[in-house]
Amino acid sequence: GTKASNNHIYDVGLDGIASQDCFNDQFNDNKIEDWGQSASTGTRHGLVMFGQAANNPSSISGNKLLLKTVVAGSTYYAFGATFASGVTTSTGYVSISGNSVLLDGSENTLRATGSGSGRVDLINNDVRGYTSAHIDDLGANDIRHWGNSFDNDFQALAGNGTPSVQQGTKFTTGANSITYTDFDDGFEGQELFIKVNNTGQTFDFTSSGLKGNAGVDWTPAVGDHMRCVYDGTDWLCEISDNTA
């Protein structure tokens, strides 16, 4: 039950604040400036919880993170969470909410990893300075996010038929002619807004994880859009023809 609150950490070599074997741990109302400043390069987090225990959720909330200086060769994350062996998505949980983050411009928001597979919720965080959301799931974790500043960004879907939607909620189609059959890495209740930016796109509603348009494949025009929600098995979609 480690608790770290009201600290001002600055110009540190490795992680800003890190806890091991987390068991109802709390990082609240800290200010972290310029972590990962060691010439010995590696993966550096502003706030990180290692080895989150089962059935004892931890939280990272109300902190301020500022990264102005980066060391070439190091990889930077605002937050990190790892899960010990045997911790599953139904028993391991870290909540990351209400934090303010200003990054140098090329860093990542979250790194989730470990030998287990837990759940991380990113809720109402103001994250600025990133090039894209950069949520890295290095395991079989359940990562959910809503109300964050990066959730308002439009991002391009990857150039394949089953692109990942883990990074956001608003997307545009890619430049290639693609038949989309499913969206990977979604979580139950996730809502998507997809804007068609290119010709040659087809959404497969006949034999895929996409359900909508009365089971008829849809070839939209540039400017059309689609809304979908994930029920845990399929994406339930409504299409909008804005160009007829």
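Some observations on this one:
- Scanning the stretch 28-80 for residues that are at pLDDT 95 or above and among the basic types (Lys, Arg) returns 31, 44, 64.
- If you go through the stretch 1-54 and pick out every residue that is of a type in the set (Ser, Thr, Tyr) and open to solvent by less than 30 Å² (accessible area, probe 1.4 Å), you end up with 1.
- Hits in the stretch 150-181 (condition: out of contact with any strand residue (DSSP E or B) (no Cβ under 6 Å at 6 or more places or on another chain) and farther than 21 Å from residue 134 by Cα): 175, 176, 177, 178, 181
- Meets criteria (over 16 Å from the mean Cα position of the chain (by Cα), among the hydroxyl-bearing types (Ser, Thr, Tyr) and modelled with pLDDT under 95) for residue 109: no
- Within the stretch 35-45, one or more residues are in contact (Cβ under 8 Å) with a residue 60 or more places away in the chain, under 20 Å from residue 122 (Cβ atoms) and under 22 Å from the mean Cα position of the chain (by Cα).
- Residues in the stretch 5-22 that are aliphatic (A, V, I, L, M) and either part of a loop (DSSP other than H, G, I, E, B) or without any contact (Cβ under 8 Å) to a residue 24 or more places away in the chain (or both): 12, 14.
The values are calculated or read from the model by the stated rules, or taken from the named source; none is laboratory data. The structure displayed is predicted, hence computed values, not measured ones. For neighbour counting, all protein chains shown are included, and Cβ atoms are generated from backbone atoms with ideal geometry for every residue, glycine included. Accessible surface is based on the protein model in full, side chains and every heavy atom, while ligands, DNA and RNA are left aside. Shrake-Rupley method; radii C 1.70, N 1.55, O 1.52, S 1.80 Å.
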